[in-house]
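The values are calculated or read from the model by the stated rules, or taken from the named source; none is laboratory data. Bear in mind that the values here come from a model prediction, so they are computed numbers and not experimental data. Methodologically, a virtual Cβ is constructed for each residue, glycine included, from the backbone with ideal geometry; neighbour enumeration extends over all protein chains shown.
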Amino acid sequence: MFMPAVSLSLTVFTIYFAQEYGVEINPVWFIIAVITSSLLAIALPPLPGVGLMLYSTMFAQMGIPVEAIVLASLMGFTMSLSSQREGKP
């Protein structure tokens, strides 16, 4: 996996679901989210199913409800499928 892409997508999903579930976002929260997602992306082992563990760790740390993990996993899966289809006619 490409670490900057994992870190960026994890940060974007975290911000999106924080807004969706009404979690208060301030500059300190944002800095903690960026640092945490970067560290999680570096520590990510290249195994299938680790993304679910990433989302659960990140969302629990940032105060986002557990229900968002399923939606984030589906969004990530959908994005990976659409990127694979772009190169094919």
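Quickly run through region 12-23 and pick out the residues that are without any contact (Cβ under 8 Å) to a residue 24 or more places away in the chain and hydrophobic (A, V, I, L, M, F, W, C).
Step one: filter region 12-23 for residues without any contact (Cβ under 8 Å) to a residue 24 or more places away in the chain, giving 12, 15-16, 19, 22.
Of everything in region 12-23, those that are without any contact (Cβ under 8 Å) to a residue 24 or more places away in the chain and hydrophobic (A, V, I, L, M, F, W, C) turn out to be VAL12, ILE15.
Only a single criterion out of (1) touching a helix residue (DSSP H, G or I) at 6+ places or on another chain (Cβ under 6 Å); (2) closer than 11 Å to MET62 by Cα is not satisfied by VAL6, namely (2). Would you confirm whether any residue within region 46-60 is of a type in the set (S, T, N, Q), outside any loop (DSSP other than H, G, I, E, B) and at pLDDT below 90? Yes; the residues of region 46-60 include at least one that is of a type in the set (S, T, N, Q), outside any loop (DSSP other than H, G, I, E, B) and at pLDDT below 90. The residue list SER37, SER56, SER9 contains one member that is in contact (Cβ under 8 Å) with a residue 12 or more places away in the chain, of a type in the set (S, T, N, Q) and touching a Gly at 6+ places or on another chain (Cβ under 9 Å), which is SER9. Take region 1-53 and flag every residue that is within 19 Å of VAL66 (Cβ to Cβ), of a type in the set (Gly, Ala, Ser) and surrounded by 14 or more Cβ atoms within 10 Å (Cβ to Cβ). Those that are within 19 Å of VAL66 (Cβ to Cβ), of a type in the set (Gly, Ala, Ser) and surrounded by 14 or more Cβ atoms within 10 Å (Cβ to Cβ): ALA18, ALA33, SER37, GLY51.
When you scan region 24-42, do you find a residue that is aliphatic (A, V, I, L, M), under 16 Å from SER73 (Cβ atoms), in contact with a helix residue (DSSP H, G or I) (Cβ under 9 Å, 6 or more places away or on another chain) and not in a loop (DSSP other than H, G, I, E, B), even just one?
Keep residues of region 24-42 that are aliphatic (A, V, I, L, M), which gives 25, 28, 31-35, 39-42.
Filter again for under 16 Å from SER73 (Cβ atoms), leaving 40.
Filter once more, so that each one left must be in contact with a helix residue (DSSP H, G or I) (Cβ under 9 Å, 6 or more places away or on another chain): 40.
The next check asks that each one be not in a loop (DSSP other than H, G, I, E, B); those that pass are 40.
Checked against the condition, which is being aliphatic (A, V, I, L, M), under 16 Å from SER73 (Cβ atoms), in contact with a helix residue (DSSP H, G or I) (Cβ under 9 Å, 6 or more places away or on another chain) and not in a loop (DSSP other than H, G, I, E, B), region 24-42 yields at least one hit.
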